[in-house]
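To start, the structure itself, in structure tokens.
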Amino acid sequence: MYRLRCRTGLASWPGTRTPSILAATAQPTRQSSQWLSGLAGLGDHSRTVWPRAWTSTHCSLSAMWRLDAHIVNYADDFVICCRGTAEEAAGVMRSMMARLKLTVNEAKTHTCRLPEETFDFLGYTFGRYYSPRTGRAYWGMRPSKRKVQGLFARISEMTSRRTLLLDAQVMVVQLNRLLRGWANYFSLGPVSKAHRAVDAHVTSRLRRWLCAKHRVSSGGYSRYSFRYLTEELGLVRLPLLPRGYPCANA
């Protein structure tokens, strides 16, 4: 038996009926990985292994199509979107997971109604946002608060006192690698607010790290200014990075 950690949201798109969204992460073995691979293909009949499991899976997928439910997946994470059939789609999903010998973690499975609510998927928060220029509403995404807080924690860990023996240039190289990788992934939607928050945190932490390393008693704002951190040490500042990073195709 393999545990499937589900993060599920059943959401409402514009219309008269209520849609659904399901996000899931599995911990499979080699066999369940092949099952999930077939599930991601939404009906790859070319596979011949475990025919009984595949028959059950295809029946469940047929039920999803009957409910007008749409599965969106990336690797072993997925969401289910539907209108007015949220509870039925959730029941079909649980039945399908049981046939695949996967256990749904109900603590991370929930129903979400759009546009009143939002849901997280692949590190992004999806929902209704408003244009700062026109004020018009639109459907979009932004980096989730949990991912931003996770980056904060990683930066704080890297700039803790236990790393004071590192050279300043080495520290900046490591921070830049982390920042560029994070910004490369979280480059969709309104990211400016998140980038400014990350920029403020990393400059503050690096300044405190330099003060502790060189035993500077003051706050270090004059000695380790923004100009020094960026021009002398070469620290990347996310708000100044050009937009339009390359994105992976799912």
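The values are calculated or read from the model by the stated rules, or taken from the named source; none is laboratory data. Computed from a prediction, not measured in an experiment: that's the story for all the values here. All Cβ positions, glycine included, derive from the backbone under ideal geometry; neighbour counts span all protein chains shown. For the accessible areas, the whole protein counts, side chains as well, though only heavy atoms, and no ligand, DNA or RNA atoms are used. Shrake-Rupley method; radii C 1.70, N 1.55, O 1.52, S 1.80 Å.
Along each of the three principal axes of the Cα atoms of the range 95-250, give the extent in whole Å, ordering the values from largest to smallest.
60, 46, 29
Can you return the aspartates and glutamates within cross-link range of LYS213? Criterion is Cα-Cα under 16 Å, with same-chain partners fewer than 8 residues away left out.
GLU157, ASP167
Where nothing but the Cβ of Lys and Arg (+1) and of Asp and Glu (-1) is charged, how large is the charge dipole of the range 101-250 around its Cα centre, in debye to the nearest 20?
220 debye
Mind giving me the nanometre distance, one decimal, between the label points for SER131 and ALA75, set 7 Å out from Cα along Cα→Cβ?
It is 3.5 nm.
On a straight-distance basis, which lysines could pair with LYS108 in a cross-link, Cα separation under 28 angstrom, same-chain partners fewer than 8 positions away excluded?
LYS145, LYS147, LYS193
Kindly state, to the nearest 0.05, the FRET efficiency for GLN174 paired with ASN105, given R0 = 30 Å and r defined as their beta-carbon distance.
0.30
What full-extension length gain, to one decimal in nm, is calculated for PHE152 and HIS201 as 0.36 nm per residue of separation minus the Cα-Cα distance?
Value of the extension gain: 16.9 nm.
For the range 61-134, which trypsin sites (Lys or Arg not before Pro) are in a loop by DSSP, counting at most 10 other Cβ atoms within 10 Å?
ARG133
First compute the accessible area of the range 140-250 with a 1.4 Å probe, then give the percent of it belonging to carbon and sulfur atoms.
With neighbouring chains kept in place, the figure for the range 140-250 is 52 percent.
Within the range 155-249, report the chymotrypsin sites (Phe, Trp or Tyr not before Pro) that DSSP leaves as loop and that have at most 16 other Cβ atoms within 10 Å.
TYR221
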